[in-house]
Amino acid sequence: MGWVFRLLSRLPLALLHALGALLGWVVYFASGTYRRRFQANVAQAGVAWSEARPAIAAAGRMAAELPWLWVATRGKPLGDKLQWEGGELITAALAEKRGLVMLTPHMGCFEICAQAIAERFTTPESPITVLYRPARQASLREVMAGSRERPGLATAPASLAGVRQMIRALRKGEVIGLLPDQVPPDGLGVWAPFFGKPAYTMTLAARLVQQTGASLLLIWGERLPGGEGFVVHVLPAPAIPAEASNEAAAALVNGAMESLIRRAPGQYLWGYHRYKQPRGLDIGAAP
């Protein structure tokens, strides 16, 4: 599989996105389970089908762009493929030296966010730290690991050791990144409303802010049409009171994710099994 990624990485991003759009529709029609979940999640959120329908192709584009993100950009600046909106919020937060937690849902190109921050805001001595889950196939693990070996970008395993690593990073005034809409293992989350329906939600994101006093911002990577690249959007996040319960804090985080998703429902992964019962071993790792 690794050689396939390396081969595909030579293709233009526009072609990868075109192939990915086709892949997204093939999967949508081929899997009844996926299709029903996609439709049910859209209905639960109260989003118009016309606004959510482009997310079918977007899911395929997300998969197809990985060779470009993981291989083609290694050791190279993102250059004109990347634009920023709200980057000054990161500059201001880092100036406070309290640490910074960045949250993004499964929306758009979330993989680009950490790369973009590493390129513009962090250094090898003071990197952004992201949780990750290693790929199951050995060949893909090598590709994934290589993609994240970048100046200014550090990875932490989805384990208690990884959590401790992130706490240390925040206490040094550094940046960490999490995907808080990923279902955590049983015992590491609470049930909180997500688009009006209880969803098992990680407590880690809010607890890191509460325990360290770090700043909190929202971020997502908008995928532009025609393979033109991405716009990284940074937005303010709701305040999480230090005394807030796990349930109240999780509800605030879910509400923030909802606000981002409603900005671009055509780029959210509506097929993700957000309302499933908790299980597994990883905790909010970036795929």
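The values are calculated or read from the model by the stated rules, or taken from the named source; none is laboratory data. All values reported here derive from a predicted model rather than from experimental measurement. Cβ sites come from the backbone with ideal geometry, for glycine too, and all protein chains shown count toward neighbours.
Of the residues making up the stretch 91-104, those that are within 21 Å of His233 (Cα to Cα) and over 17 Å from the mean Cα position of the chain (by Cα) number 7. Each residue in the stretch 91-122 was checked for being over 19 Å from Ala156 (Cα atoms) and crowded, with 24+ Cβ neighbours inside 10 Å, and 3 of them qualify. Restricting attention to the stretch 71-102, the residues being of a type in the set (Val, Ile, Thr) and part of a strand (DSSP E or B) number 1.
Restricting attention to the stretch 211-263, the residues being touching a Pro at 6+ places or on another chain (Cβ under 8 Å), closer than 30 Å to Leu69 by Cα and either in a helix (DSSP H, G or I) or modelled with pLDDT under 95 (or both) number 8. Residues that are within 17 Å of the chain's Cα centre (by Cα) and modelled with pLDDT of 95 or more within the stretch 64-84 comprise Ala64, Glu65, Leu82, Trp84, listed in sequence order. Would you be able to say whether some residue in the stretch 33-41 is at negative phi, out of contact with any strand residue (DSSP E or B) (no Cβ under 7 Å at 6 or more places or on another chain), among the polar types (S, T, N, Q) and surrounded by fewer than 20 Cβ atoms within 10 Å (Cβ to Cβ)? Yes, the stretch 33-41 contains at least one residue that is at negative phi, out of contact with any strand residue (DSSP E or B) (no Cβ under 7 Å at 6 or more places or on another chain), among the polar types (S, T, N, Q) and surrounded by fewer than 20 Cβ atoms within 10 Å (Cβ to Cβ).
Taken as a whole, the stretch 77-100 holds no residue that is within 23 Å of Arg262 (Cβ to Cβ), touching a residue at least 60 places away in the same chain (Cβ under 8 Å) and touching a helix residue (DSSP H, G or I) at 6+ places or on another chain (Cβ under 6 Å). Do you know which of the residues in the stretch 154-169 that are touching a strand residue (DSSP E or B) at 6+ places or on another chain (Cβ under 6 Å) and either assigned to a strand (DSSP E or B) or among the hydrophobic types (A, V, I, L, M, F, W, C) (or both) is surrounded by the fewest Cβ atoms within 10 Å (Cβ to Cβ)? Among residues in the stretch 154-169 that are touching a strand residue (DSSP E or B) at 6+ places or on another chain (Cβ under 6 Å) and either assigned to a strand (DSSP E or B) or among the hydrophobic types (A, V, I, L, M, F, W, C) (or both), the one surrounded by the fewest Cβ atoms within 10 Å (Cβ to Cβ) is Ala156. The conditions of being under 25 Å from Ala158 (Cα atoms), at pLDDT 95 or above and not in a loop (DSSP other than H, G, I, E, B) are met by Arg207.
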